[in-house]
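Working notes, structure below.
The values are calculated or read from the model by the stated rules, or taken from the named source; none is laboratory data. Not measured: the values here are computed from a predicted model. So basically every Cβ, Gly included, is an ideal-geometry build from the backbone, and we count neighbours across all protein chains shown. SASA here: full protein model, heavy atoms, side chains in, ligands and nucleic acids out. Shrake-Rupley method; radii C 1.70, N 1.55, O 1.52, S 1.80 Å.
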Amino acid sequence: MIVVTGATGGLGGATVEHLLKRVPADRIGVSVRDAAKAQHFADRGVRVRQGSYEDPAALRDSFAGAEQVLLLSGNDPAADLVGLHRNAVEAAVAAGARRILYTSQQGAVPGNPYRPTDIHVATEAILDDSGVAWTALRNAAYGPLDQVLGPWQHTGVIAQPQDGPVPYTDRDDIAEATAVILAGDRLGDGPIDLTAPNAVTFDDVAEIASDLTGRPVERIVVDDEQWVADQIAVGVPEQMARLMLTWYQAARAGYFTEASPLLAELLGREPRTAAERLAVHIAA
């Protein structure tokens with residue numbers, strides 16, 4: 001039995017879809033806050049149980065019989081995420097899981113200025129102390145590119161803080177690789193990096209976008225504090241803007257620079273590049 005948490009979300013749901021192509025449905029379970037939202041999985045033979053990181057007893061029930069548990073990291077900045085992740089790890093251990101996989105983050109090392117890093121570092125330490133085999137999937141940035149590029153298609157300008165090389169990665173590629181790992185269980189303990197094959201900067205992306213659109217796209221570096229003020233002016237809460245700023249600061253400091261070949265090895269093909277993803281976005 002493989003149990004996946006957060007299966008009604010983007011990454012968790014995509015991982016389950018890829019698992020269904022590799023293992024029988026009755027070997028897959030999902031632990032979700034709202035079981036009704038996972039009915040489409042239940043209809044296909046997946047075991048659906050209610051569970052949340054805030055409720056250890058329900059988690060233990062939703063993890064029952066699992067050989068492997070995939071824990072998706074929480075994303076509520078107001079929550080005690082380390083405490084919630086500890087609940088999830090302890091529930092998986094109590095349920096008898098032999099391996100725990102956790103969606104961590106590329107560059108999850110002490111000193112990284114990106115604030116969520118501290119949560120991932122602490123959670124990986126909890127996993128290391130858990131007494132069971134564990135794998136931390138240090139996923140590269142896989143959100144929509146427009147989240148970090150801004151409204152360049154309308155303005156013709158990528159106006160963001162100073163950045164650094166990042167191997168922007170497709171979410172579905174990460175989901176597929178995660179399913180490959182769960183279905184094969186062939187990796188050792190500890191952290192692994194899942195990234196696109198090449199790291200690019202906003203200068204690179206501006207050049208790619210210019211080639212794809214046939215019109216010039218300019219890269220402008222915005223001062224950090226001016227960028228925060230601009231974000232606040234368009235309605236972004238200051239706390240959220242400053243959190244995102246730490247991501248740019250980490251990128252420029254080189255915490256996301258290194259690309260790994262492992263994702264390609266797991267997929268058996270080259271992962272989607274930033275240029276390919278950008279082309280799809282433009283076409284859409």
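Would you mind counting up the charge near A199? Only other residues with Cβ under 11 Å from its Cβ, with Lys and Arg at +1 and Asp and Glu at -1.
-3
Given a Förster radius of 25 Å and the C-beta distance between E54 and R115 as r, what FRET efficiency does 1/(1 + (r/R0)^6) yield to the nearest 0.05?
The computed FRET efficiency comes out at 0.70.
Could you give the dipole magnitude of the stretch 131-284 about its Cα centre, charging the beta-carbon of Lys and Arg +1 and that of Asp and Glu -1, in debye to the nearest 20? Present the calculation step by step, with values, prior to reporting the outcome.
Numbers: 10 positive and 23 negative charges, 41 e Å.
Approximately 200 debye in magnitude.
If you count only protein heavy atoms with a 1.4 Å probe, what accessible area per residue comes out for the stretch 210-259, rounded to a whole Å²?
In whole numbers, the stretch 210-259 has 58 Å² accessible per residue.
With a ≥ b ≥ c taken as the square roots of the eigenvalues of the C-alpha gyration tensor of the stretch 182-284, please select rounded if a/c is under 1.5 and otherwise prolate if a/b is larger than b/c or oblate if it is not? Kindly include the intermediate steps, with their values, before the conclusion.
Values: a/c = 2.35, a/b = 1.39, b/c = 1.69.
Oblate shape, in that a/c is at least 1.5 and b/c is the bigger or equal ratio.
Mind pulling the angle between the C-alpha long axis of helix 202-213 and the longest principal axis of the chain? Nearest 10 degrees, somewhere in 0 to 90.
In the chain, helix 202-213 runs at an angle near 80 degrees to the longest axis.
With the dipole of the chain worked out from charges on the C-beta (+1 for Lys and Arg, -1 for Asp and Glu) around the Cα centre, which of H85, I28, M244 lies farthest toward the positive end?
After comparing all options, I get I28.
Tell me the angle of helix 116-128 to the major Cα principal axis of the chain, expressed in degrees between 0 and 90 and rounded to the nearest ten.
Its long axis makes an angle of about 30 degrees.
Over what distance in Å are the Cα centres of the stretch 250-269 and the stretch 1-57 separated?
For the stretch 250-269 versus the stretch 1-57, the Cα centre distance is 27 Å.
Please give, to one decimal in nm, the separation of the simple spin-label points placed at E90 and V280, each 7 Å out from Cα toward the Cβ.
Placing both labels 7 Å along Cα→Cβ, they lie 4.0 nm apart.
Give the shape of the chain as rounded, prolate or oblate, defined through the alpha-carbon gyration tensor: a ≥ b ≥ c are the square roots of its eigenvalues, a/c under 1.5 means rounded, and otherwise the shape is prolate if a/b is larger than b/c and oblate if not.
Because a/c hits 1.5 or more and a/b exceeds b/c, the chain counts as prolate.
Please work out how much length the chain gains when fully extended from D146 to N75, using 0.36 nm per residue of separation minus the C-alpha to C-alpha distance, in nm with one decimal.
23.6 nm
Please check which bits of the stretch 251-284 a label hung off N198 would reach, taking the label as a point 7 Å along Cα-to-C-beta and the cut-off as backbone N under 16 Å.
257-261, 264, 270-280
When the distances between all Cα atoms of the stretch 99-247 are binned every 5 Å from zero, what whole-number percent does each bin get?
Per 5 Å bin, starting at 0, the Cα pair percentages come out as 2, 8, 15, 18, 17, 15, 11, 7, 5, 2, 0, 0.
With a point put 7 Å past each Cα toward its Cβ, work out how far Q162 is from R98 in nm, to one decimal.
Once both label points are built, they end up 5.1 nm from each other.
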